[in-house]
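What follows is a set of notes on a single structure, which appears directly below.
The values are calculated or read from the model by the stated rules, or taken from the named source; none is laboratory data. In this text the structure is predicted, and so the values were computed from the model without any measurement. Please note: Cβ atoms are built from the backbone with ideal geometry, for glycine as well, and neighbour counts cover all protein chains shown. The protein model used for the area step is the full one, side chains on, heavy atoms only, and it has no ligands, DNA or RNA in it. Shrake-Rupley method; radii C 1.70, N 1.55, O 1.52, S 1.80 Å.
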Amino acid sequence: MVQARSKLTYLLILIVGSLTLCPVVMLVLGSFSKGLTAFGSFTLDKYVQAYTDPEFFNAIANTIVFVLGSSTLATGLALFLAYLNNRTDIPFKFLFQIISIIPMMIPHLLFSVSWALLLNPSNGIMNLVLQQAFSLDSAPFNIYSMAGMILVEGLLDLPVAYLIIAPAMGSFDVSLEESSRVFGAGPWLTLRRVTLPVLRPAILAAFILGVVRSLASFSVPSVLGMPGRVYVLATYLYEMIAKGFAPDYGKAAAVGMSVLAASVILIIVYRALTSESEKYVTISSRGFRPAVVELKGARIPLFLVVGLLSMVLIVLPVAVLLYTSLVPYSMVPSARAFSLMSWKHHWTEVLEDPISVLSLRNSLILGVAGATLGVLLSVFVAYIIVKVRSTASGVLESLSYLSFSFPGIVIGIGFMWFFVQTPVYATLWALLIGYVATYMPYGIRPLSSAFVQIHSHLEESSRVCGASPLTTMRRILLPLLVPGIVSAWILMATMFVRELTLSVVLSRPGTEVLAVQILRFAEDGLWGKLSALGIMMILVSTGLVVVATLVGARFRFVEAAG
Amino acid sequence: MKKTLIACIVLLAAAHARAADQTLLDKARAEGKVAFYANITAVEPIMKAFTEDTGVKAEYTRISTARFVATAVTEFEAGKFMADVVQAPLPILELLKEKGILAPYRSPAAAGYPQWTKKDDYIQLFGIEYIALIYNKELVKKADVPKRYEDLTHPRWRDKIVMPNPANHATTIGWLIGLKEHVFKSEAEWMKFLKGLAANRPMFVASLGPTPAPIESGEKLIGISMPKYIVTKAPAPLDWARVAQPMLGTPRAIAVTSKPPHPNAARLFVDYWLSQKAMGILAKDVGEYVLAPGVFPPIDGIDKAKVIAIRELSDEETNKWGSEFKKIFNVR
């Protein structure tokens, strides 16, 4: 058993390493290279220039506030929503589950723009409504600020956090809470002393993933930070590579190395904090059953709170997108604007545009194929990370984060430097491999959270009864992992459908994808078409989420019946 | 007799040119397609027209200014450069020429273009990425529309302006330098303008693309933007301020590559691109300012405007001025 695990670990290190190390090695070479490409004579100049700039440290200070703020918000909201959706009898659960992950499906650029339309200090729709309602002299909110950036980034990272915390919450053994109650602890004390500590790996995973994600985020800092003159690392890097006509990506890669180092440290911290994984095992015997907490009198008020939260935070920005896709140009809502609304302005044009249609098809293929491949790989990697806590498994975990940890602006170039040396350059395969390699943590994290809660006694019992490792995986582990698998698949599929960072560098004629087409519309200032295509993207992703959820539910049912 | 001889020579030359055209067309058709790398927006109508008129498929790869050089050089060095023709702001093509990525080609279609557009044997200029003051004509009173660039420093525009970030947007940096060299009488006057503009706290966006949306929605009233949006964003209530001074912009250039996978299709495409028909599409459908004689975008008054191509700025100069503007505009 130990030998088999060890072999599997090394095989996975080889696979994951070749996927993630190649672009990173190219970036390292680029950061030490004199030229504009990854190969050139050796120099330390890029590091010296990058790390002696005093503005770099200002950007770092802002980045720390932005990253911690948005990750805390995302994790807190995800915990709240996941608890209500998984553990209580709050009505319309399925709807809330979809709403919690909607921001995942919206291109970050569009989500940021829609919030600017809602809360800009000049004529933001929500600001105008509040000004009129309370007779205010000036706009009460300014989205072009650090607080605005934290709010929007927090919401964008919410689905990731939710999809990591929700499966753990769903597999929670309620007998632990019942025991706590039996010993006289109230609901609050039980939550604080039993529920939250047991969920610690999932909460930490969600928080750390949020930190890494917001470190690499570009859309929010660019759309909301730049107008407010609040600069973080991503916009600092953008400035570095956008100035002049021959930008030095090697210098950006040199700065990216510090982000990579920060991410690796975070992973080490995370592993240290969850080192005693046995503490968090809650599914260990036949007594396991998820149970529902009755909210009683709080049911309707809490439903209203979640409903209002969902409405203000998620439904409203999506409604803004729908509105923008129907009016001929960017207009503040008015009787005239509503009279001018038509599908013909942008929807018809987008649907008649062959590149938009091709990009819809390519994104759908990449979403389904990429997520399936990614989840398959992630199941094995998560298993090793959780169940084999050796140095080798630590190496595997760090490798899985490598390309994900780099700022998006930089990693795309690393992949280009790498793929251009291979025959897959300029094909859909390059995009598929790049996606899986970069976004592996989206698959691994929810699956790790799910694995953490499955006691190895279950596997051992299966083996004692004569089952092979594969049979054990199929009959014992996979059914218990279904919520994690569904979460991972949804995370990866929706991420791939809207992936921009790699696509914009690797996409060539015939391999256009949705986000690249959306970016083209953004560069041309065509917000109506952008919104129409964005909504199509949300519909595609929603379709994938619904199918995955239904398949997951059916699979669980069949296994349970079997 | 002399006249007859000249007529014969002209006719022979025309017949020879037609034969040469036909030969090029046949060879291009045999190659099947042409790959075009460009940073210009909304050129699909020209790609479509080229394919329909010649039977040669045109493939368009759009690469942003920031990624253009890195992508082209990386692909070229790896032997995977797929472009037959490249189009970009002039400084980018100059950089590609230095790297040996461009080939000399003098297109016969450029014969009627002004002499200054024939940069050298490699690069042909065909347009200017022209920048102007664009305003919301429903929200700005006629009397308030700027008549000179200096009017943008009036306090009435405080918190009402949008523009690309002058600390890093290369085209905007070039435009501000162009104002110094072509519009303002002295550096002191120019500096006064910059400081006045900065005092009005303009909202910065990443590039020119996002500038029109806040103006059309009324979030901002005026912006340093491009008149072409009056065409591409119609019926948005946009108009341009007809200032007394010249309009400025970065020259747009085109060239064939040194190792094109489809060399004949490449030349055919450049000839087509520079033709009155293609330039007409670019002007009419995309609102671009082109240098083909007598072709103008359908924007009221543009045909009378004086549009000047800004001189090439080196990356060192762009970086230096970007840092200066960062201080003046208090970007950080």
TODO: Find me the longest stretch of chain A that has none of the exposed GluC sites (Glu not before Pro), where exposed means in a DSSP loop (not H, G, I, E or B) with at most 13 other Cβ atoms within 10 Å.
DONE: A:1-275
TODO: Give the whole-number value, in cubic angstrom per residue, of the convex hull volume spanned by the C-alpha atoms of the stretch B:109-158.
DONE: 155
TODO: Take the alpha carbon atoms of the stretch A:102-137, find their center, do the same for the stretch B:200-265, and report the distance between the two centers in whole angstrom.
DONE: 26
Open item on the list: When only alpha-carbon atoms are used, what values of Rg and Dmax, in angstrom, describe the stretch A:1-88?
Closed with: 21.5, 62
Task: Stokes-Einstein D for the stretch A:481-562, Kirkwood Rh over Cα pairs, 37 °C, 0.692 mPa s (µm²/s) - done: 228
Open item on the list: Please compute the contact order of the stretch B:185-271 in relative form: average sequence separation of alpha-carbon pairs under 8 Å and at least six residues apart, divided by the residue count, as a percent.
Closed with: 14
Task: Equivalent ellipsoid, the stretch A:368-506 (semi-axes from 5 times Cα gyration tensor eigenvalues, Å) - done: 32, 15, 13
Open item on the list: What's the whole-number percent of alpha carbon pairs in the stretch A:29-75 lying beyond 18 angstrom?
Closed with: 52
Open item on the list: What aspartates and glutamates does B:Lys185 reach when the alpha-carbon gap must be under 13 Å and sequence neighbours fewer than 8 apart in one chain are set aside?
Closed with: B:Glu150
Open item on the list: As a test question: what accessible area, to the nearest 10 Å², does A:Leu308 have when a 1.4 Å probe is rolled over all protein chains in place?
Closed with: 120
TODO: Could you work out the mean projected area of the convex hull around the alpha carbons of the stretch A:71-111, in square nanometres to one decimal?
DONE: 3.2
Task: For the stretch A:118-190, fraction of C-alpha pairs farther apart than 22 Å, in % - done: 56
- [ ] Please label the shape of the stretch B:136-292 as rounded, prolate or oblate, based on the square roots a ≥ b ≥ c of the eigenvalues of the alpha-carbon gyration tensor (a/c under 1.5 means rounded; beyond that, a/b larger than b/c means prolate, else oblate).
- [x] prolate
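For the stretch A:349-397, report the convex hull volume of the alpha-carbon atoms normalised per residue, in Å³, without decimals.
In the stretch A:349-397, the Cα hull volume divided by residue count equals 74 Å³.
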Task: Residues along the stretch B:288-315 losing 50 Å² or more of accessible surface when the other protein chains are present rather than the chain by itself (probe 1.4 Å) - done: B:Asp315
Task: Over 19 Å between alpha carbons, listed pairs B:Lys142/B:Lys220; A:Lys344/A:Lys529; A:Lys243/B:Lys80 - done: A:Lys243/B:Lys80
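Using only atoms on other chains, find how many Cβ atoms lie within 10 Å of each Cβ of peptide B:198-204 and report the average.
Taking the mean over all residues of the peptide, I get 2.
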Open item on the list: I need the Debye-formula profile for the stretch B:255-332: one equal scatterer per C-alpha, no solvent, reported as log10 I(q)/I(0) at q = 0.21, 0.23, 0.24, 0.27 1/Å, two decimals.
Closed with: -0.92, -0.97, -1.01, -1.13
Open item on the list: With just the Cα atoms defining each centre, how far is the stretch B:288-323 from the stretch A:377-455? Give it in Å.
Closed with: 46
Task: Cα-based convex hull volume of the stretch B:122-228 per residue, rounded to whole Å³ - done: 120
- [ ] Compute the FRET efficiency between A:Ile268 and A:Leu308 as 1/(1 + (r/R0)^6), taking r as their Cβ-Cβ distance and R0 = 45 Å, and round to the nearest 0.05.
- [x] 0.65
TODO: Shielding by partners for A:515-525, please: the mean number of other protein chain Cβ atoms within 10 Å of each residue's Cβ.
DONE: 5
Open item on the list: Treating the stretch B:58-135 as a set of equal point scatterers at the Cα positions, no solvent, please give the Debye-formula log₁₀ I(q)/I(0) at q = 0.18, 0.26, 0.27 Å⁻¹.
Closed with: -0.84, -1.37, -1.42
Task: Fraction of accessible area attributable to carbon and sulfur, the stretch A:85-125 (%, probe 1.4 Å) - done: 74
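One-quarter of the Cα convex hull surface for the stretch A:66-221, in nm²?
Its average projected convex-hull area is 10.8 nm².
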TODO: Largest first and to the nearest Å, give the Cα extent of the stretch B:161-216 along each principal axis.
DONE: 34, 21, 19
Open item on the list: Can you sort A:Trp527, B:Trp273 by solvent-accessible area, 1.4 Å probe, largest first?
Closed with: A:Trp527, B:Trp273
- [ ] Quote the accessible area belonging to B:His169 in square angstrom, nearest 10, computed with a 1.4 Å probe and with ligands, DNA and RNA left uncounted.
- [x] 30
- [ ] Report P(r) for the stretch B:71-113: all Cα-Cα distances, bin width 5 Å, range 0 to the bin holding the largest distance, values in whole percent.
- [x] 5, 19, 28, 24, 13, 7, 4, 1
Task: Summed buried accessible surface, chains A and B, 1.4 Å probe, nearest 100 Å² - done: 4900
Open item on the list: Tell me the carbon and sulfur percent of the accessible area for chain B, rounded to whole percent, probe radius 1.4 Å.
Closed with: 57
Task: At 1.567 mPa s and 4 °C, Stokes diffusion of the stretch A:376-446 via Kirkwood alpha-carbon radius, µm² per second - done: 99
Task: Rounded, prolate or oblate (a/c below 1.5 giving rounded, otherwise prolate when a/b exceeds b/c) for chain A by Cα gyration tensor - done: oblate
Task: For the stretch B:265-310: span of alpha carbons on each principal axis (Å, largest first) - done: 37, 24, 15
Open item on the list: Averaged across B:82-93, how many Cβ atoms of other chains sit within 10 Å of each residue's Cβ atom?
Closed with: 1
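Can you give the helix-only mean residue ellipticity at 222 nm for chain B, where every DSSP H stretch with n ≥ 4 adds -39500 (n - 2.57) and the sum goes over all residues, rounded to the nearest 500 deg cm²/dmol?
One gets -13000 deg cm²/dmol as the mean residue ellipticity at 222 nm.
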Open item on the list: I'd like to check one number: the per residue accessible area of the stretch B:204-332, probe 1.4 Å, reported in Å² as a whole number.
Closed with: 33
Open item on the list: How would chain B be classified by its alpha-carbon gyration tensor: rounded, prolate or oblate, with rounded meaning a/c under 1.5 and the a/b versus b/c comparison settling the rest?
Closed with: prolate
